[in-house]
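Report on the following structure.
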Amino acid sequence: MYTAEILAQTLASGLLMGCIYALIAVGLCMIWGLMEIVNFAHGDMMMHSMFMAFWLWSLFGIDPLIAMPLIMVILFVTGVLVYFIIIKRVLKAPMLAQILSTFGLGIFLRYLAQFLWTPDSRMVQEPWLDGRIDIAGVFIGVPQLAASGVAIIAFILLYFFVNRTELGGALLAVSEDREAASLMGINSDKMFALGWGIGAACLGVSGAMMANFYPITPEVGLLFGLIAYVAVALGGFGSIVGAFVGGVTIGLVEALSGVLVAPAFKYVFVFGVYLAVVFIRPQGLWGRY
Amino acid sequence: MKTRKFCATVLIITLSLVLTGMPVCADNPKEIKIGAIYPMTGGAAQAGWDSRQAIEVALEIINTTKHKDLGIPLADTEGLPNFGGAKISVVFADHQGKPDIGMGEADRLISQEKVAVLTGCFHSNVTLTASQVAERKQIPFYNFESSSPRLHQRGFKWFFRSTPHDETFSAAIFGFLKYLKEKHGAKVQTVAILHEDTLYGKDSGTIENDLAIKAGYKVLAVIPYRRAATSLTAEVQRLKALNPDVLLPTCYAADAILLAKNMKDLDFNPPIVVAQGTGQIDPSFVETLGASMVEGISSRNAIGPDLMESIPKLKKANALFRERTKAAGKERDFSGPSVRCFQGMMALAEALSRAKSLSPEDIRKAIQETDLKTDQLVVPWRGIKFAPDGQNMFGDAVCVQWQGGKMVTVWPEQFATQKAIYPIPKWADRK
Amino acid sequence: MKKTQYLGLAIAGIAAVAYPHIFRLPFPHHLMIMVFIYATLGLAWNLIGGYAGQVSLGHAVYFGLGAYTSTLLLMKWGINPWLGLCAGVVVSCLVALLVGYPCFKLGGHYFAIATIAVGEMVQQSWLNWDWAGSAIGLNLPILEEGLKNFEFHSSKLPYYYLGLVMVGIALLASYAVDRSKIGYYFRAIKGDQDAARSLGISHTRYKAYAMVLSAALTSIAGTFYAQYVLFIDPDSVFPMMLSINMCLIATLGGLGTIWGPLIGAMILIPISEFTRIQMGGGGTGIDIMVYGLLIIIICLYQPRGIIGMFKLFRK
């Protein structure tokens, strides 16, 4: 029953979905790498950026691709605000308070969306990125392909930013040793805010790309957010390359186990693979610590 | 200092407990209170919202004479005519999709709000626990739209359900398949079932599997999927590899949309798709996907919206529903669940009117004696009459199909307004 | 100091016993029973999360295992729920060891996400496990009411008092941990794992103790829940939100304190009930938005919980 064609399709779908997971994970990775805080409101922030893309399309006819820069800016500002209002105050608090505060933010955002826009499903119809292409019998969705491309570009840009630019270097310094960094004149407060802003802006990118092909509801961020954390953890907290590899791995495991074993258990396999990797290599595939 | 903080804490705790214990609405004589427990938040919040709007439209019809030309019982009188014009009021509660909250709310509505009847809960597993409370407290529980067959098979005395359940609905699906086979020469030999993995999907999938085997079809696979999944490509790929003649999906709204998208992405073209309602009959299905993408997809339903033209009462009621939902934020037509909710509420009010009393036993008796005929209903059922187990024996279902962006009734033949499309167009051939 | 503590305890005890006779309607009883269940969960979680400092976000697994073990034993083989309760404890402890041990190697966030992963795996698998009821859930048989069958139908009072006893057991366990050498070791591990190891404290062994004790208590609450609601399904006993609520209650009340989680439950549950009753029917989700804001405010302004507020003043 399983032909080479089916296998090829499975791998293709898995890779595409994996890149999309990686795209969502990139912002999380940024924030984690910087200050060791896991943003549990990650998925819900993405949900809001998807809604933004939808409303810009629905009310003003702006295609999500065009709206993306605007959404990035809005999300950047949001990220900075979240840092100053919430995160800054829990930096010194126990890890649990950090986790719970972002969790509370996530819940608030989710139900804010329901309050504002009702629980109805929305979708952008006929965006510029639409349709599918057929490569030797393997179907590849155009918006998914574009999202994967954007994911790869985003990761490359982020990698260069962190490792090759001065600002990125400052971010790295702050993440390694806050006191030493401040001795060198780097304002850690500003760096953290910048990190959150960039992380949130990345979410804006993923939200805008997802809006091209995914139905939007207030609950849409839940599972995607969870998978993003697992992707970052799988790859190793603190590693940008790791987050990308983690996302792609999850996409492939999901697709392969879903088609070859049983779709009902595909997420069980995803989480199972995470556990297996992390038991053998506690710092994740590419992790530093 | 410490004692002050301690006292403050104690005060907050006491206040919370006491305030929670206080009834929300003031009691009013000459009024019958009904408790309605629905999912007002969470994944099914849209359904809860719809049900609330449907009930409130019904209340307006019952309690006032604004719509006396509707032609159904209680429309032309103010309040309940046999009960001195008593009005009906409804207290809504949110169960958030959780059976234990449903249970708590049932307790609260009965003992504190002193409701005469309970209704709800959309989710079959919450209806299960809430109606258990009602049974224990000997208060009638009148269910409008939960579809799990288990609910009326518990030997309860106080549980009533006006809506047909999954077995009736699924029978409609297979009646439709038989019709396609006989009248359209369709090839119906192999069947694949895809269902979401909560109670709704599981029940549906199990019943469909049984009925398919009974009808002599070969069930190629029964695939459960995680509701609100991130993607259904793995599921669709498996289905595509199996190449069934018929696909029977059971999905909630967001998943139905995702499924259609993934089917198009992977070019999966089953010749027949008949859904178990909810997702595929939700207005958002055609709104988000557009007419050409939903073309040919069928589903069982309580009614077809096109019947709103042929059944004048339904048309009028739907107009009222549109008005109300528009005022409340998002204009919508009746959907399968919400029209059953509306009809149930009207039938319940009719029973309350005959009961002429607030005593639970009188109400229960009046409900049990309900005997409404087709011309007293807005939905095309043979009637509402309860068997001893509390299930309405005369509820029917139809099958609808999306054609040209409209949901039309295609089965049974006496209600069909259009001929069914078979086979449904392939993705490549659409628009 | 001691005298006022005993007096406070006595007053609280009398109030607890008298409560259901002052507020006689079933709903306040139901509310307090839910408070007791959540308080037990919070106290149980506090042992591993508050004292030993290991943030487990998948504790609902033990709740569900307790509920399902006793229920399945009852429904399939007619085994008495009290025995089932013990069996549930055994199962949960075994799973805690099985899952916990490998996870302990992981630090901080990796551990947290690993516990989430385990929770999700269990919930997802269970939804598809037909023998155990799958998504349909299990309806406990209505048996003759009485202590032997662990079911009461005419009044909630027996559940109330049993719940009170359950909380009492959890409080005793917390007290024992707090004042004993084990508790000292827990706190050492929480403070600085490596330093503790250099002192000869095997951190995996003590984390295991904490995990097992915590899982046992959680499992008891699970069986209690099943016998109270008389219906369980994977979504009501395994969800991640339940795990998060356990942490929340312990955090709100005060991590690593004896009374913290109880106070946390006594505040959080009525507030969430109150907001839902007042605002939930509208369908706008405002009540849950308020809940989310509440969580944020608690974490921002008082991460050490209510008890933390007192401690500050003691200094």
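Yes or no, residue by residue, for (1) within 14 Å of chain A (Cβ to nearest Cβ); (2) buried (at least 23 other Cβ atoms within 10 Å of the Cβ); (3) closer than 25 Å to C:Gly133 by Cβ; (4) of a type in the set (Gly, Ala, Ser):
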| residue | (1), (2), (3), (4) |
| --- | --- |
| C:Ser56 | yes, yes, no, yes |
| C:Ala60 | no, yes, yes, yes |
| C:Tyr68 | no, yes, yes, no |
| C:Leu73 | no, no, yes, no |
| C:Leu83 | no, no, yes, no |
| C:Lys105 | yes, no, no, no |
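So that you can scan it fast, the table gives a plain yes or no per residue for (1) outside any helix (DSSP H, G or I); (2) out of contact with any Ser or Thr (no Cβ under 7 Å at 6 or more places or on another chain); (3) more than 14 Å from chain B (Cβ to nearest Cβ):
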site	(1), (2), (3)
A:Lys190	no, yes, yes
A:Ala193	no, yes, yes
A:Gly197	no, yes, yes
A:Val205	no, yes, yes
A:Leu223	no, no, no
A:Ala228	no, yes, no
Original post:
So which of C:Leu293, C:Leu268 ends up being of a type in the set (A, V, I, L, M), at pLDDT 85 or above and surrounded by 21 or more Cβ atoms within 10 Å (Cβ to Cβ)?
Top reply: C:Leu268
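Working carefully through the options B:Gln391, B:Gln376, find the one that is in contact (Cβ under 8 Å) with a residue 40 or more places away in the chain and closer than 16 Å to B:Phe169 by Cβ.
Working: B:Gln376 fails: closer than 16 Å to B:Phe169 by Cβ.
Matching residue, one of B:Gln391, B:Gln376: B:Gln391.
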**OP:** Take A:Glu179 and decide whether it is crowded, with 24+ Cβ neighbours inside 10 Å, over 15 Å from the mean Cα position of the chain (by Cα) and over 21 Å from A:Met45 (Cα atoms).
**Re:** no
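Take the residues in the stretch C:9-31 that are at the interface with chain B (Cβ under 9 Å from one of its Cβ atoms), touching a residue at least 12 places away in the same chain (Cβ under 8 Å) and of a type outside the set (Phe, Trp, Tyr), then tell me which one is farthest from C:Pro158 (Cα to Cα).
That would be C:Leu31.
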**OP:** Working only within the stretch B:99-110, note down all residues that are surrounded by 24 or more Cβ atoms within 10 Å (Cβ to Cβ) and within 7 Å of another protein chain (Cβ to nearest Cβ).
**Re:** B:Pro99, B:Met103, B:Gly104, B:Arg108
**OP:** Kindly indicate the residue of the stretch C:281-290 that is buried (at least 21 other Cβ atoms within 10 Å of the Cβ) and more than 8 Å from chain A (Cβ to nearest Cβ) and also modelled with the highest pLDDT among those meeting that condition.
**Re:** C:Asp287
**OP:** Have a look at A:Leu167, A:Leu158 and point out the one that is within 20 Å of the chain's Cα centre (by Cα), touching a residue at least 12 places away in the same chain (Cβ under 8 Å) and more than 12 Å from chain B (Cβ to nearest Cβ).
**Re:** A:Leu158
**OP:** State whether the residues of the stretch B:179-195 include one that is closer than 18 Å to C:Asn128 by Cα and more than 10 Å from every other protein chain (Cβ to nearest Cβ).
**Re:** yes
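In the stretch C:32-39, is there at least one residue being within 14 Å of chain B (Cβ to nearest Cβ), touching an Asp or Glu at 6+ places or on another chain (Cβ under 8 Å) and modelled with pLDDT of 85 or more?
yes
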Subject >> Candidate set from the stretch B:281-330 (those that are among the hydroxyl-bearing types (Ser, Thr, Tyr) and under 20 Å from the mean Cα position of the chain (by Cα)); member that is farthest from the other protein chains (Cβ to nearest Cβ) >> reply: B:Ser298
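Condition check: over 16 Å from C:Gly107 (Cα atoms) and touching a helix residue (DSSP H, G or I) at 6+ places or on another chain (Cβ under 7 Å). Does A:Gly242 satisfy that?
Details: over 16 Å from C:Gly107 (Cα atoms): yes; touching a helix residue (DSSP H, G or I) at 6+ places or on another chain (Cβ under 7 Å): yes.
Yes; evaluated as a whole, the condition is true for this residue.
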Original post:
Taking C:Pro81, is it under 18 Å from C:Glu120 (Cα atoms) and modelled with pLDDT under 95?
Top reply: no
Subject >> Residue among A:Leu105, A:Leu96, A:Leu28 that is within 14 Å of chain C (Cβ to nearest Cβ), crowded, with 24+ Cβ neighbours inside 10 Å and modelled with pLDDT under 90 >> reply: A:Leu28
Original post:
Any residue at all in the stretch A:260-274 that is in a loop (DSSP other than H, G, I, E, B) and touching a Gly at 6+ places or on another chain (Cβ under 8 Å)?
Top reply: no
Original post:
Regarding B:Thr250, is this residue more than 9 Å from every other protein chain (Cβ to nearest Cβ) and either at positive phi or not hydrophobic (A, V, I, L, M, F, W, C) (or both)?
Top reply: yes
Original post:
Quick one: which helices (runs of 4 or more DSSP H) sit completely within the stretch A:92-176 and have at least 3 residues that are β-branched (Val, Ile, Thr)?
Top reply: A:95-117, A:142-164
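Look through B:Tyr200, B:Tyr142, B:Tyr225 and report the one residue that is aromatic (Phe, Trp, Tyr), closer than 19 Å to B:Cys341 by Cβ and within 14 Å of chain C (Cβ to nearest Cβ).
Matching residue, one of B:Tyr200, B:Tyr142, B:Tyr225: B:Tyr200.
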**OP:** Considering (1) at positive phi; (2) more than 12 Å from chain A (Cβ to nearest Cβ); (3) surrounded by fewer than 23 Cβ atoms within 10 Å (Cβ to Cβ), say which one B:Gly277 fails and leave the rest.
**Re:** (3)
Original post:
Does the stretch B:303-326 contain any residue that is in contact (Cβ under 8 Å) with a residue 12 or more places away in the chain, part of a loop (DSSP other than H, G, I, E, B) and touching a helix residue (DSSP H, G or I) at 6+ places or on another chain (Cβ under 8 Å)?
Top reply: yes
Subject >> Residue in the stretch B:409-423 that is nearest to the chain's Cα centre (by Cα), counting only those that are surrounded by fewer than 22 Cβ atoms within 10 Å (Cβ to Cβ) and β-branched (Val, Ile, Thr) >> reply: B:Thr417
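With respect to B:Leu352, determine if the residue is more than 18 Å from the chain's Cα centre (by Cα), under 30 Å from B:Asn82 (Cβ atoms) and buried (at least 24 other Cβ atoms within 10 Å of the Cβ).
Values: more than 18 Å from the chain's Cα centre (by Cα): yes; under 30 Å from B:Asn82 (Cβ atoms): yes; buried (at least 24 other Cβ atoms within 10 Å of the Cβ): yes.
In short, yes.
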**OP:** Could you identify the single residue in B:Arg154, B:Arg150 that is without any contact (Cβ under 8 Å) to a residue 60 or more places away in the chain, surrounded by fewer than 17 Cβ atoms within 10 Å (Cβ to Cβ) and in the same structural domain as B:Thr129 (by TED's automatic domain parsing)?
**Re:** B:Arg154
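Specify which of the listed residues (C:Asp233, C:Asp192) is of a type in the set (Asp, Glu) and either over 30 Å from B:Arg227 (Cα atoms) or more than 14 Å from chain B (Cβ to nearest Cβ) (or both). If you could, list the steps in order and put the result at the bottom.
Values: C:Asp233 fails: either over 30 Å from B:Arg227 (Cα atoms) or more than 14 Å from chain B (Cβ to nearest Cβ) (or both).
When all the criteria are applied, what remains is C:Asp192.
With a cut-off of at least 3 residues that are over 30 Å from A:Ala12 (Cβ atoms), name the strands (runs of 3 or more DSSP E) lying wholly within the stretch B:159-250.
Answer list for the stretch B:159-250: B:159-161.
The values are calculated or read from the model by the stated rules, or taken from the named source; none is laboratory data. Small disclaimer: the values here were computed from a predicted structure and weren't measured. Here Cβ is always computed from backbone atoms with ideal geometry, including for glycine, and neighbour counts include all displayed protein chains.
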